[in-house]
Amino acid sequence: QVRLVESGGGLVQAGGSLRLSCVASGSPISIDDMGWYCQAPGKQRELVAAITSGGSANYVDSVKGRLTISRDNAKNTIHLQMNSLKPEDTAVYYCNAVVGFSTHWGQGTQVTVSS
């Protein structure tokens with residue numbers, strides 16, 4: 001069983017920054033891709049950024065240049081540095097991890113950006 005725990009969400013003004021973290025636990029654990037998804041009220045969950053075990057990252061166009069995903073394989077941790085936040089970034093952010101043929105989700109952390 002893989003458990004993902006997110007932290008770092010909160011309320012910030014437009015233009016501000018937040019840093020989200022996600023720690024994966026479980027034994028044994030060998031994680032393939034990890035990523036961050038967001039879900040705004042009334043909308044579907046969608047990919048924000050993903051990173052492979054080798055460190056290759058990709059982003060949805062709307063966050064390029066503002067958000068940065070990073071990964072520490074030794075600690076089974078990923079981070080999402082969120083800069084120049086906009087009100088439209090407001091959503092619940094979920095951590096995702098692929099382990100073999102299984103996909104795992106965290107409980108989510110709320111990010112609210114006020115205008």
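The values are calculated or read from the model by the stated rules, or taken from the named source; none is laboratory data. All values reported here derive from a predicted model rather than from experimental measurement. Backbone-built Cβ (ideal geometry, glycine too); neighbour counts: all protein chains shown. When the accessible area is computed, the model is the full protein with side chains, heavy atoms only, and any ligands, DNA or RNA have been set aside. Shrake-Rupley method; radii C 1.70, N 1.55, O 1.52, S 1.80 Å.
When the charge dipole of the chain is built from unit charges on Cβ atoms (+1 for Lys and Arg, -1 for Asp and Glu) and taken about the Cα centre, the candidate among V23, S62, V12 whose Cα reaches farthest toward its positive end is V12. Using only alpha-carbon positions in the chain, the gyration tensor eigenvalues give semi-axes of 24, 14, 12 Å once each is multiplied by 5 and square-rooted (largest first).
Each Lys and Arg Cβ is given +1 and each Asp and Glu Cβ -1; about its Cα centre, the chain then shows a dipole of about 140 debye. Between S84 and L47, the distance separating the two model label sites (each 7 Å from Cα on the Cα→Cβ line) works out to 2.3 nm. In terms of accessible area, using a 1.4 Å probe and ignoring ligands and nucleic acids, T109, T103 rank largest first as T103, T109.
Computed with a 1.4 Å probe over protein heavy atoms only, the accessible surface of the chain comes to 54 Å² per residue. The slack in the chain from R66 to Q107, taken as 0.36 nm per residue of separation less the alpha-carbon distance, amounts to 12.4 nm. Computed about its Cα centre, the charge dipole of the range 1-53 is approximately 160 debye, with only Lys, Arg, Asp and Glu carrying charge at their Cβ. Computed with every protein chain present, the accessible area of Y94 is close to 40 Å² [probe 1.4 Å]. Label-to-label distance, R3 versus S114, with points set 7 angstrom from Cα along the beta-carbon direction: 3.4 nm. On the range 1-69, 47 percent of the accessible area sits on carbon and sulfur atoms, based on a 1.4 Å probe. What nm value, rounded to one decimal, do you get for the distance between Q39 and V23 when each label is placed 7 Å out toward the C-beta? My value for the distance between the label points is 2.4 nm.
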